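Quick notes on the structure that follows.
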Amino acid sequence: MREMEAVIGLEIHIELQTGTKIFCGCSTAFGAAPNTQVCPVCLGLPGHKPVLNQKAVEYHTRAALALNCEIVPYTTFDRKNYFYADLPKGYQISQYFHPMGVNGHVDVNLNGETRRIGIRQIHLEEDTGKLLHPGEITDSPYSLVDFNRAGVPLVEIVTQPDVRNAEEARLFLQKLRSIIRYVGVSDCKMEEGSMRCDANVSVRPSDSVEFGQKTELKNMNSFRAVARGIEYEIARQTELVRGGEPVVPETRHWDEARGITRVMRTKYLATDYRCFPDPNVPPLECDPEWVARIRQSLPEPPDARYARLVHDHGLPAYDAEVITASRAMADFYEQTVDLFNEPKTVSNWLMGEVSRCLNAAGKELEETALAPQQLAGLLQLVQKGVISGKIAKEVFEDVFQTGRDPETIVKEKGLVQIADEDELGAVVDRVITANPKVAEDFRGGKERALGFLVGQVMKETRGKANPQLVNELLRQRLRN
């Protein structure tokens, strides 16, 4: 039986973080009451013409350059005229014939191997509204539509059919999300619909150069869902091909609850879009000098920053990868290191306590009151012996929740570390007296017994004892 391989192309829609829609002045804010962010233009009422949002063009260009694309100097906006139930004017304005960005790529690392995924094009278009079906949010027995999202500026990123498995697709999407967020054009929150992914999946014998019949997979709203959906579809198509049955070209829905794909509709052909240039939106010409200024304004790319943190800061590859996945985290890290020059210690805290608190709160770092000065100040208190590492974690919880100065919190709560030798000596003597067998175990060569005694001292002092001094005092007394 011939070995099969998958051929996968991805289509990613990303909402741009402009304050207003692509062709009108309506707000793009997420979460407003249904149909409150609409006007005659985005509702498609007669006599009201679209006016292109310059910020949307700028954000598209930033994204395209960050994805290593060429910027096409001349482009047009076109109408897709197949039926849109969630667009009031019945068609979508997109860049069908002349996309603004072409021939880009993203590199991903899979099992130590760098895989280059080609970007065929990235183009600008308007988003659709949102359909709410019976049982989804509303109690209505009818399908309802919210047009607040209609007209929000989107970029659609279309890859070459270079992806070969579900894990590669997941890694690509995570890398893409990181790049887009780095250049500040979208928050890419999949749970809010600002980043959405469709996958075109086909299978073929691994020694074949011909593509198999593809299906389009929709409704995948997380990286995990993308991977699971693609894995299922590969297995389904492989079974069909090996059984001598045809793969039907269709659009399929990923059912997260059941873990299967199911048919939504037959696949549209290119001719079904019935596209033609939109007569109300003039062609767009991008000034090369304007594009050059945008290129110069881009931040350091994640890959370059990763390499710099490994080379210049001496961070392990894993630490650098985690930190540079988010521009906010990478900025926070570097600003903290500028104030407290121990890169590995700062990295440990970001991947440990900071990430733990963020996950518990369900927030991004930039959504909190935490500042680099506060983390650096906390680490300086530990370095100077004012507080212990254990107390530092307790203080950090307060800092994270309130944004207050760590030194103020330490003083208010009386958490200053006990470093007085006489005071600690008395506690150490009591602990040794209360645990004679453990003391004898240490004297008999069981080094691990010392850890128990240190723990008892820390417990009695509520974590405020200087651990180094406690170790010294215990060893002195146990050897006498």
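The values are calculated or read from the model by the stated rules, or taken from the named source; none is laboratory data. Just so you know, these numbers come straight off a predicted model, no measurement behind them. With ideal geometry, Cβ positions are generated from the backbone for all residues, glycine too; neighbour counts draw on all protein chains shown.
Considering only residues in segment 133-156 that are farther than 10 Å from D86 by Cα and in contact (Cβ under 8 Å) with a residue 40 or more places away in the chain, the one that is surrounded by the fewest Cβ atoms within 10 Å (Cβ to Cβ) turns out to be E156.
Checking segment 462-475 against the condition returns a match, with at least one residue being assigned to a helix (DSSP H, G or I), surrounded by 12 or more Cβ atoms within 10 Å (Cβ to Cβ), among the polar types (S, T, N, Q) and outside the structural domain of I391 (by TED's automatic domain parsing). Of everything listed in (1) in contact with a strand residue (DSSP E or B) (Cβ under 8 Å, 6 or more places away or on another chain); (2) buried (at least 19 other Cβ atoms within 10 Å of the Cβ), the single unmet condition for C24 is (1).
Inspect all residues belonging to segment 157-178 and state whether any of them is assigned to a strand (DSSP E or B), surrounded by 15 or more Cβ atoms within 10 Å (Cβ to Cβ) and among the charged types (D, E, K, R). No: segment 157-178 contains no residue that is assigned to a strand (DSSP E or B), surrounded by 15 or more Cβ atoms within 10 Å (Cβ to Cβ) and among the charged types (D, E, K, R).
Filtering segment 390-445 to residues that are in a helix (DSSP H, G or I) and among the polar types (S, T, N, Q) leaves Q401, T402, T408, T433.
Contact annotation: residue pairs with Cβ atoms under 9 Å, 6 or more positions apart or on different chains, pairing a residue in segment 109-123 that is on the phi < 0 side of the Ramachandran plot with a partner that is surrounded by fewer than 23 Cβ atoms within 10 Å (Cβ to Cβ) and basic (K, R), are N109/R115; N109/K175; R115/R164; I117/K175.
Each residue in segment 341-350 was checked for being buried (at least 21 other Cβ atoms within 10 Å of the Cβ) and either modelled with pLDDT under 95 or over 23 Å from the mean Cα position of the chain (by Cα) (or both), and 0 of them qualify. Across segment 17-76, the number of residues qualifying as aliphatic (A, V, I, L, M) and under 25 Å from the mean Cα position of the chain (by Cα) comes to 10. Candidates are the residues of segment 220-248 that are of a type in the set (S, T, Y) and more than 13 Å from I260 (Cβ to Cβ); the one that is modelled with the highest pLDDT is T238. In this entry, M195 passes the filter for residues that are surrounded by 18 or more Cβ atoms within 10 Å (Cβ to Cβ) and either of a type in the set (D, E) or within 30 Å of N148 (Cβ to Cβ) (or both).
Candidates are the residues of segment 198-224 that are crowded, with 18+ Cβ neighbours inside 10 Å and among the small types (G, A, S); the one that is farthest from I157 (Cα to Cα) is G212.
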